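Below you'll find the structure, written out as structure tokens, and then a few comments.
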Amino acid sequence: MEVEAARLIGAGLAAIGAGAAAAGVGYIWGSFLQGALRNPEAADGEQARLYIGFAVTELLGLIAAVIGFILLFG
Amino acid sequence: MAEAEGGGIDPMSQFKIEPIAGTLEQGQIAFTNSSIWMLLTLALVWLFMIGGMKRELVPGRWQLAVESVTGFIDNMLTSNIGPAGKKYVPYIFTIFIFILFANLLGLLPIGFTGIHPFTVTSHILITGVMAVMSFSIVLAVGFWKHKLKFFTLFVPHGTPLPMVPLLFVIELVSFMVRPFSLALRLFIAMTAGHVLLKVFASFVISGINAGPEIGLLVAVPSFLLMLFVSALELLICAIQAYVFALLSALYINDAENLH
């Protein structure tokens with residue numbers, strides 16, 4: 001039973017990673033909005049870079065989710 | 001959704017591959033629910049394209065929709081790769097529209113007994129094959145065009161000599177991880193979103209079963225939250241398709257232009 005409990009605790013701890021990635025993604029979009037409001041004309045040209053940063057950061061949160069899934073269902 | 005042993009509802013059973021014809025034994029080829037949804041995706045993409053490829057002088061609404069998607073991909077490749085990007089439009093467009101349609105089809109809120117929408121892209125086998133295709137194009141183009149000079153991709157310009165071995169290893173690892181990250185991102189984004197939706201759905205069902213007070217307290221907020229998460233998932237479907245196409249384009253740009 002202790003192994004089962006440790007599995008569930010581990011899955012819960014993995015969710016911290018998802019939260020941290022959420023902070024990162026929020027920072028990226030927030031910074032983009034800040035820059036875009038200061039110079040709206042340059043905003044459209046940076047959208048590809050915005051999505052690259054978003055994708056790279058989001059991946060870390062998703063990996064944390066994978067670890068949670070593996071612990072829960074694997 | 002099937003009932004799990006504990007009496008709860010198992011959110012993972014929606015991803016189960018069920019054979020329709022043939023068996024899932026080793027060495028056998030089976031026609032599964034995944035195949036059905038892939039064929040459905042193909043049929044829908046085909047319908048979408050055939051309706052917009054009449055090449056009328058004054059485009060109608062449908063043709064405009066198709067042209068805006070092709071124009072979008074075309075723009076993305078020209079701005080990221082340059083004039084050499086034109087020849088990759090068919091591949092990137094195929095990847096983009098297949099992922100987009102497969103994602104959206106999997107989100108359909110229909111469910112009959114035994115038949116439910118199956119998200120093709122929620123299996124790493126399928127996203128993995130697509131990622132390996134992108135990666136092979138990068139390798140093939142890079143070695144074809146630059147021969148062994150392709151390895152200079154791993155050493156950025158102006159690196160001090162003592163740092164070269166270390167940077168080479170780091171860049172090599174980050175290069176080799178690309179297909180995995182490409183496949184993993186799409187697969188997990190889809191899986192996580194669908195699990196989330198089904199978990200909320202199970203809250204609604206068990207909330208209603210538990211009686212009116214708990215139903216009002218749990219089921220109604222869960223249902224509202226589900227609505228918003230569904231809208232968010234629609235956005236994620238499009239973003240993930242876009243990100244997959246965009247990253248493939250960037251990786252191809254590395255091979256085409258080095259840096």
Item to check | Residue list for region B:14-37, filter: at pLDDT 80 or above and charged (D, E, K, R) | outcome: B:Lys16, B:Glu18
Item to check | Qualifying positions in region B:38-62 - modelled with pLDDT of 90 or more and not aliphatic (A, V, I, L, M) | outcome: B:Thr41, B:Trp46, B:Phe48
Next on the checklist: Here is a check on your reading of the model: is B:Leu227 more than 14 Å from chain A (Cβ to nearest Cβ) and surrounded by fewer than 16 Cβ atoms within 10 Å (Cβ to Cβ)?
Outcome noted: yes
Next on the checklist: Between a residue in region A:1-26 that is exposed (fewer than 14 other Cβ atoms within 10 Å of the Cβ) and any residue that is assigned to a helix (DSSP H, G or I) and at pLDDT 90 or above, which pairs come within a Cβ distance under 6 Å, given they are 6 or more apart or on different chains?
Outcome noted: none
Item to check | Output for region B:50-98, where each listed residue is outside any helix (DSSP H, G or I) and closer than 20 Å to A:Ala48 by Cα | outcome: B:Gly82
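Within region B:107-123, which residues are under 18 Å from B:Phe31 (Cα atoms) and either at pLDDT 85 or above or surrounded by 14 or more Cβ atoms within 10 Å (Cβ to Cβ) (or both)?
Within region B:107-123, B:His116, B:Pro117, B:Phe118, B:Thr119, B:Val120, B:Thr121, B:Ser122, B:His123 qualify.
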Next on the checklist: Scan region A:26-34 and tell me whether some residue there is hydrophobic (A, V, I, L, M, F, W, C) and either within 11 Å of chain B (Cβ to nearest Cβ) or outside any helix (DSSP H, G or I) (or both).
Outcome noted: no
Checklist entry - Exactly one of (1) at the interface with another protein chain (Cβ under 10 Å from one of its Cβ atoms); (2) closer than 20 Å to B:Ala192 by Cα; (3) not aliphatic (A, V, I, L, M) is unmet by A:Thr57. Its number? => result (1)
Next on the checklist: Among the residues in region B:168-181, are any under 29 Å from B:Gln14 (Cα atoms), in contact with a Leu (Cβ under 6 Å, 6 or more places away or on another chain) and of a type outside the set (D, E, K, R)?
Outcome noted: yes
Checklist entry - Do we find that B:Ala238 is surrounded by fewer than 20 Cβ atoms within 10 Å (Cβ to Cβ), touching a residue at least 40 places away in the same chain (Cβ under 8 Å) and within 14 Å of chain A (Cβ to nearest Cβ) in this structure? => result yes
Checklist entry - If we keep just the residues of region B:175-221 that are among the polar types (S, T, N, Q) and away from chain A (no Cβ under 11 Å), which is farthest from the chain's Cα centre (by Cα)? => result B:Asn209
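The rows are residues; the columns are (1) in contact with a strand residue (DSSP E or B) (Cβ under 6 Å, 6 or more places away or on another chain); (2) modelled with pLDDT of 85 or more; (3) crowded, with 18+ Cβ neighbours inside 10 Å.
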site: B:Leu148; (1), (2), (3): no, yes, no
site: B:Thr159; (1), (2), (3): no, no, no
site: B:Ser174; (1), (2), (3): no, yes, no
site: B:Phe203; (1), (2), (3): no, yes, yes
site: B:Ala219; (1), (2), (3): no, yes, yes
site: B:Leu232; (1), (2), (3): no, yes, no
site: B:Ile252; (1), (2), (3): no, yes, yes
Item to check | Residues (of a type outside the set (Asp, Glu), surrounded by 12 or more Cβ atoms within 10 Å (Cβ to Cβ) and either away from chain B (no Cβ under 14 Å) or touching a Gly at 6+ places or on another chain (Cβ under 8 Å) (or both)) located in region A:35-54 | outcome: A:Gly35, A:Ala36, A:Ala43
Next on the checklist: Here's a check for you: in region B:44-95, which residue that is loosely packed, with under 12 Cβ neighbours inside 10 Å and of a type in the set (D, E, K, R) is farthest from B:Tyr251 (Cα to Cα)?
Outcome noted: B:Glu56
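The values are calculated or read from the model by the stated rules, or taken from the named source; none is laboratory data. Small disclaimer: the values here were computed from a predicted structure and weren't measured. As a convention, Cβ positions derive from the backbone with ideal geometry for all residues, glycine included, and neighbour counts pool all protein chains shown.
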